[in-house]
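Have a look at the structure below before the remarks.
The values are calculated or read from the model by the stated rules, or taken from the named source; none is laboratory data. It should be emphasised that the depicted structure is a prediction, and the values quoted were computed from it without experimental measurement. Cβ: placed from backbone, ideal geometry, glycine included. Neighbour counts: every protein chain shown.
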Amino acid sequence: MSKRMTYLLGGAAIAVGVALIVIAFTSLSGDDGGGGGGESSATRPAERPSPPERPSTPPAQERRKAPGTAARGKQLSKAVAERRPVRAPGFAVEVVDDGSVPSQAGSLQNAVAGGSFALAALRGSPVVLHMWSSRCGPCRADARLVESTWRRWGRRGVAFVGLSVGDSEGAVRRFAREYDLSYPVARDAGGRVADAYGVTTLSQTFFISGGGNVIGQITGSPSASQMEQGTAAVRADRAFGSQQGGSRVPRR
């Protein structure tokens, strides 16, 4: 064989070898390891990002929410300040101490019997509703004043109810025992009643007529004259309005 023929065959062999290497490399680079048919990244269609999820639109009746208790409480306070009659929010709470109610206040005895108290049970009787907390410093001085006012007016048919806001049952019992409270004491554990009446600070006293309307309120520690005037007004079913008392503390 001539040298020229040898060179030609050798060159052809080298070309075939290079071609095989290129084919093998191309095959390997096109395989992503997913076994997905040997599609190269160049021939795959570009993946489109998923569209963001849209929040579902609530029904119209769910979007139109009724005013909350805080809003109603503000409306109540505004009406009382303007001396407009406003219906007292109804409630039912746990009675912790039923006190020593005189026979002249038989409706109050019946209202707290059985360990619970509902405001509706006193419809027809004027009510002084005093809200306090055992953690409120000024409320301790208030307790003696409210007790002395109750002793004078309870025999005249005015029902007094103490409502502890956010206290434990034990704390309420200790408070009532320490200050020798003889009017019934109930507990607003979750503060829902206080919310409904718009109470943001303690103490607070509400005067509720026999017809079920809030005719007055005292925000903060009441004075002796304020308690006397407010109780006389609720017994006579006349407007008392909103008055600012002394010391008060924010609800906790």
Does region 163-179 contain at least one residue that is surrounded by fewer than 22 Cβ atoms within 10 Å (Cβ to Cβ), at pLDDT 95 or above, of a type in the set (Lys, Arg) and touching a Ser or Thr at 6+ places or on another chain (Cβ under 8 Å)?
yes
Hey, any hits in region 126-138 for a residue that's farther than 21 Å from Asp167 by Cα and surrounded by fewer than 19 Cβ atoms within 10 Å (Cβ to Cβ)?
no
Hits in region 124-180 (condition: among the aliphatic types (A, V, I, L, M), under 15 Å from Gln229 (Cα atoms) and in a helix (DSSP H, G or I))
Leu145, Val146
Within region 203-216, can one find any residue that is surrounded by 16 or more Cβ atoms within 10 Å (Cβ to Cβ), part of a helix (DSSP H, G or I) and touching a helix residue (DSSP H, G or I) at 6+ places or on another chain (Cβ under 7 Å)?
no
All but one of (1) free of Cβ contacts under 8 Å to residues at least 40 places away in the same chain; (2) part of a loop (DSSP other than H, G, I, E, B) hold for Gly99, so report the exception by its number.
(1)
Every residue in region 126-160 that is among the charged types (D, E, K, R) and under 20 Å from Arg187 (Cα atoms), please.
Arg135, Arg140, Asp142, Arg144, Glu147
Which one of the conditions (1) closer than 26 Å to Gly114 by Cβ; (2) out of contact with any Ser or Thr (no Cβ under 6 Å at 6 or more places or on another chain) does Gly210 fail to meet, given that it meets all the rest?
(2)
In region 146-173, how many residues are of a type in the set (A, V, I, L, M) and touching a helix residue (DSSP H, G or I) at 6+ places or on another chain (Cβ under 6 Å)?
3
